[in-house]
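What follows is a set of notes on a single structure, which appears directly below.
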Amino acid sequence: MILTGFITDTFAASRLLKFSTDSLPFVDINYCYRIFTHFENPNGFIFNAMMRAYIQRNSPQKAMYLYKLMLNSNVGVDNYTYPLLVQACAWRLSVFEGRLVHGHVFKVGFDFDVYVNNTLINMYAVCGNLNDARKLFDESLSLDSVSWNSILAGYVNARNVEEARYIFDRMPERNVIASNSMIVLFGRTGNVSEACRFFSEMPKKDLVSWSALISCYEQNEMYEEALVTFRRMNDHGVMVDEVGVVSVLTACARLAVIVTGKLIHSLVVKIGVESYVNLQNALIHMYSSCGEIAYAEKLFCAGYNLDLISWNSMISGYLKCGSIEKAETLFDNMTEKDVVSWGAMISGYAQHDRFSDSLALFLEMQLESIMPDQNILVSVISACTHLAALDQGMWMHAYIRKNGLKINAIIGTTLVDMYMKLGRVENALDVLHEMEEKGVSTWNALIFGFAMNGLVDKSLDMFFEMKKCGVVPNEITFIGVLGACRHMGLVDEGYRHFNSMIQEYRIEPNVKHYGCMVDLLGRAGMLKEAEKLVESMPISPDVATWGALLGACKKHGDHEMGERIGRKLVELQPDHDGFHVLLSNIHASKGKWDDVLEIRGTMVQRGVVKIPGCSMIEANGTVHEFLAGDNTHPQINEIEDMLDEMAKKLKIEGYAPDTHEVLLDVSEEEKETTLFRHSEKLAIAFGLITISPPTPIRIMKNLRICNDCHTAAKFISRAFDREIVVRDRHRFHHFKQGSCSCMDYCSLAWHYCGASHSSKALQWAASNSHSQDSCSHLMRKEKAGSAEDFGHCLRGTFVSRED
C-alpha cells in the first residue's frame, strides 16, 4: 500500500489499521502505530481504533496522549471516543483525569448518551468514588440494564450490602448478571446462606453463576461444598472456565485431595484452558501443597508467560516440602521480587528452624527498601524469640513504631510472646497497652508468660480478667492455667480449673491437660494420685505424661515406681535420651552402678545420644553458646579466672556444692569440679565479664536448671550485686539479691509437700507469696535505627559449640 500510494487513502488505510488492531497480540502494537503515523488526515474512526488498541494492550496512558493529539488536530470526537477515554481512566484508576473527560463530555453534549454515561458510572465506581457514581446514576434521564449492573457492581466491589440490596430491589429487570453480582457480594461478606438462596431462586443460571457459588464456598473455607457444587455443575452440562477451576483447585489444596486435583487437571487439559497463567499458578500451588513437588516443578519448568505469583508459589512449595536449597536458588534467580517473595523465604527459614537466616534475609530486604508485611514481621519476631536475641527483637518493636505500623492482635501477640519468653515482663505489658484489640491468643500469651516468669498470681489474674472482658477461654488457655498452677504446686486450684474446663466450658480434656495435672500432682509429691490419674485417663497417655511422672519419682526418691515407669518408657520410646538418663539416674542414686552401666550400654547399642546441656547468652549483638565443660570459647582464659573468683566469693557467702546432683561413681572433689563447669555457670561467668551493670545477665538453657546451679545463681546475684535471668526448658528464674522469682519451689517445694496433703503445699506457697518485681532494673531500648543498626545486631558471629 505504501508503494502503490493507497496508504494515503483514508478509507483503505483505516481498513488496514482495523485489521491490524483486531489481530492483536499477533500483530505488534508498535507496528499498528507505524501504520497510524502514515495517515495524512486521520479521522475519528482511525483515532478510536488506535486508542482501543492501546487500551487492549494495557497502555491506557497512550490512549490519553492520542486524545490530546486528536484535539490539537481538530478531529471531531463522537460517542465512541469518550467511552474509550473513560475506560482508560478507569484502567489507570485516575479519577482526576476521569473528571476532566467528564467535563469534556458535558461540554460537547454527550452527557445524554446512555453508553457514555454507563462508562462514566463504571469509572467512578471502579475508582472507589461511589458518591459521584450514584449521583450520575440518579441524575441520568435514560438508564438501561448496563447502567443498573454498573452501579450494582460498584457497591459489590465496595462490599456495601445495604446499598447493593437497595439497587437490586429497584431494578426493573433482574437479569442473570445482577444475580451473579449479588452471589459474589454475599460470598465476599461471608453470608453463604444468602448466596445459596439467590442461586437457588435464579430461574436461569449461566457459567458465571456456578463459578460465583463455587468461589463463595472456597472463600468461606467450605471446601467440600465447593467440590460438590463443581460436580453438580458438570452434571448439569455447564462448561467450566478458568475462574471456577482456580477456586476448585484451591479447595483441593486445602483438603489435600490430590486424586481429585489430578482429575481436575486432566479436565483442564481436555477443555484447553491450561495456558492461563492463573490456572497454572493454582495447579502449582495445589501440587506443592499436597506434597507432589515433582508435578509442581514440571508445570513450572514447562510453563510460559509465568508471573511473580508463579515464582512465589514454587518457592513456597519447595519450602513446604523441605527443599530449602532449591527455594534459595529460585529466589536468587528472580529478576523481580515483591514482598510475598521475601516473606515466603523469611517465613520458610523460620519454619525450618533456620532463625539466623531469617534475620539475615530480613536485613537484606531492608537494604532493598521493601516494607515488610504482617507475616514477615511475625516470622522475624519469632526468630528473635527462638534465638533469645533480645536486642534484635527490641529493634523490631521500635521499627514497627517508627514506621507507624499498626500493632494488631497478631503482631501484638507475637511481641508479647517474645518479651515474655525473654523475661521482659514490663515490655510485654507495654505492648499490651498499645493493642486496640486482643484475641484469645493474646490472653493465652499473657497467662503462659506470667507463669513462666514465676508470677503465678498475675497469670491467674489474667485468666479472670480475660473472662471479665467476655473472651471465652479455649483448650490452650487451660493448658496455660494448669501450667501456672503446676509452677507453684497449687493442686487444689488446679483441680478446680480442670473441672471448670469440663463442666462450665464443655471442653474435652486432651492429653496435654492430663499431662499438666499429672505433672502438678507429681511435683507436689502425690505420686500415687498421679499414677492413678494416668491409669484412669479416657485417652492413651503419651510419653510426655509418663515422663513427667518419671521425673517426679526421681525427685521424690520413689525408686520402685521410678524403675517400673522408666522401663516402660524405654520400651515405648527406645530412642528417647531423656528417659534413659532419668532411669540411669534413679539407679545411680541408689548406688546400683551395674544397672547404670547396663542402661548406658543399651543407649550405645541403640545409638541414643544424650542431648548435652547448652546455655546461650547474648552479648554485644552476638549469641554465645556454652556446653558443660566447654573449654573452646575464645575468651576461655578470662572465663576460667572469673570462675575462680566466683568460687571464692560463693564460699564466703556460705555456698556448698550439692554433689548429689552428680550421679557418677567418682570422688567428691571431682563431683565439685564437674558441678562448677555446668553450662549455665560458664555462661554466667562470661556475662559477668562482658555485660556491664545494671544490664541483667540473660541466659537461655535447653534443659531444666539443676538444683546446684539454681542455688549458685542466687548466691552469685547477691555476691556480685547483679540481676541474673535464666530461662530453662520450663520457666524463667529471675535471680536478684540472693532470691529467685520461683521462690525456690523448683528445688524446695517437694520437701514441704506431703505425699497426700496438698494443703501443705498451699500453706508453703502462701507463706512465700511475697511479690518480687524482677523487672524493675530492666533497661528499655526505645530507639529505632536503620537497617544498618539492625545489621549491626546481626553481624556478630553466632558462636556455637558441640560436645
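Residue count for the range 514-530 under the criterion of being touching a residue at least 40 places away in the same chain (Cβ under 8 Å) and in a helix (DSSP H, G or I): the result is 4.
Of all the residues in the range 159-191, those that are aliphatic (A, V, I, L, M), in a helix (DSSP H, G or I) and surrounded by fewer than 19 Cβ atoms within 10 Å (Cβ to Cβ) number 3.
Is there a residue in the range 101-110 that is under 29 Å from L213 (Cβ atoms), out of contact with any strand residue (DSSP E or B) (no Cβ under 6 Å at 6 or more places or on another chain), surrounded by 15 or more Cβ atoms within 10 Å (Cβ to Cβ) and not basic (K, R)? Talk me through it step by step, then tell me what you get.
Just the residues of the range 101-110 that are under 29 Å from L213 (Cβ atoms), to begin with: none.
No, the conditions are met nowhere in the range 101-110.
When the residues of the range 332-353 are filtered to those that are without any contact (Cβ under 8 Å) to a residue 24 or more places away in the chain and not in a loop (DSSP other than H, G, I, E, B), the one that is nearest to G404 (Cα to Cα) is D332.
Hey, any hits in the range 342-349 for a residue that's over 27 Å from A409 (Cα atoms), among the hydrophobic types (A, V, I, L, M, F, W, C) and buried (at least 16 other Cβ atoms within 10 Å of the Cβ)? No.
Residue by residue through the range 597-638, note down the ones that are closer than 30 Å to A389 by Cα, hydrophobic (A, V, I, L, M, F, W, C) and in a helix (DSSP H, G or I). Quick ask: steps written out before the conclusion?
Applying the first criterion (closer than 30 Å to A389 by Cα) to the range 597-638 yields 609-638.
In the following step, the residues that additionally are hydrophobic (A, V, I, L, M, F, W, C) were identified as 609, 611, 614, 616-617, 619, 623, 626-628, 636.
Once the filter is applied, which keeps residues that are closer than 30 Å to A389 by Cα, hydrophobic (A, V, I, L, M, F, W, C) and in a helix (DSSP H, G or I), the range 597-638 yields only I636.
Please count how many residues of the range 20-60 are in contact with a Lys or Arg (Cβ under 8 Å, 6 or more places away or on another chain) and either surrounded by fewer than 14 Cβ atoms within 10 Å (Cβ to Cβ) or of a type in the set (S, T, Y) (or both). So the count comes out to 3. In the range 213-228, the residues that are closer than 24 Å to I177 by Cβ form Cβ pairs under 6 Å with partners that are outside any helix (DSSP H, G or I), at six or more places apart or across chains, as follows: N220/G190. Does at least one position in the range 371-392 carry a residue that is out of contact with any Ser or Thr (no Cβ under 9 Å at 6 or more places or on another chain) and under 27 Å from C469 (Cα atoms)? Checking the range 371-392: at least one residue is out of contact with any Ser or Thr (no Cβ under 9 Å at 6 or more places or on another chain) and under 27 Å from C469 (Cα atoms). Within the option set L429, L415, L446, L460, being without any contact (Cβ under 8 Å) to a residue 12 or more places away in the chain and within 28 Å of the chain's Cα centre (by Cα) holds for one residue only, L429. Does at least one position in the range 144-158 carry a residue that is among the polar types (S, T, N, Q), surrounded by fewer than 22 Cβ atoms within 10 Å (Cβ to Cβ) and outside any helix (DSSP H, G or I)? Looking for residues that are among the polar types (S, T, N, Q), surrounded by fewer than 22 Cβ atoms within 10 Å (Cβ to Cβ) and outside any helix (DSSP H, G or I), one finds none in the range 144-158, hence no. Would you say S247 is buried (at least 20 other Cβ atoms within 10 Å of the Cβ), among the small types (G, A, S), in contact (Cβ under 8 Å) with a residue 12 or more places away in the chain and in contact with a Gly (Cβ under 9 Å, 6 or more places away or on another chain)? Taking the combined requirement at face value, the residue does not satisfy it.
Look through L359, L405, L377, L363 and report the one residue that is surrounded by 24 or more Cβ atoms within 10 Å (Cβ to Cβ) and more than 20 Å from V456 (Cα to Cα).
Numbers: L405 fails: surrounded by 24 or more Cβ atoms within 10 Å (Cβ to Cβ); L377 fails: surrounded by 24 or more Cβ atoms within 10 Å (Cβ to Cβ); L363 fails: surrounded by 24 or more Cβ atoms within 10 Å (Cβ to Cβ).
Result of the check over L359, L405, L377, L363: L359.
Scanning the range 610-630 for residues that are crowded, with 20+ Cβ neighbours inside 10 Å and of a type in the set (S, T, Y) yields one hit, S615.
Please return the ranges of helices (runs of 4 or more DSSP H) entirely within the range 354-469 where 2 or more residues are farther than 24 Å from D338 by Cβ and at pLDDT below 90. Walk me through how you get there before you give the answer.
Details: elements: 355-367, 374-386, 390-402, 409-421, 425-434, 440-452, 456-468.
It comes to 390-402.
Only residues that are among the hydroxyl-bearing types (S, T, Y) and surrounded by fewer than 18 Cβ atoms within 10 Å (Cβ to Cβ) were counted in the range 61-100, giving 3.
For every residue, the table says whether it meets (1) part of a helix (DSSP H, G or I); (2) out of contact with any His (no Cβ under 8 Å at 6 or more places or on another chain); (3) surrounded by fewer than 21 Cβ atoms within 10 Å (Cβ to Cβ).
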residue	(1), (2), (3)
L213	yes, yes, no
C216	yes, yes, no
M239	no, yes, yes
V259	yes, yes, yes
A282	yes, yes, no
Y295	yes, yes, yes
L306	no, yes, yes
I309	yes, yes, yes
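Let me confirm something: among I684, I689, which residue is touching a strand residue (DSSP E or B) at 6+ places or on another chain (Cβ under 7 Å) and closer than 15 Å to K649 by Cβ? After applying the criteria, what remains is I684.
The values are calculated or read from the model by the stated rules, or taken from the named source; none is laboratory data. In this text the structure is predicted, and so the values were computed from the model without any measurement. Note that each Cβ is placed from the backbone with ideal geometry, even for glycine, and that neighbours are counted across all protein chains shown.
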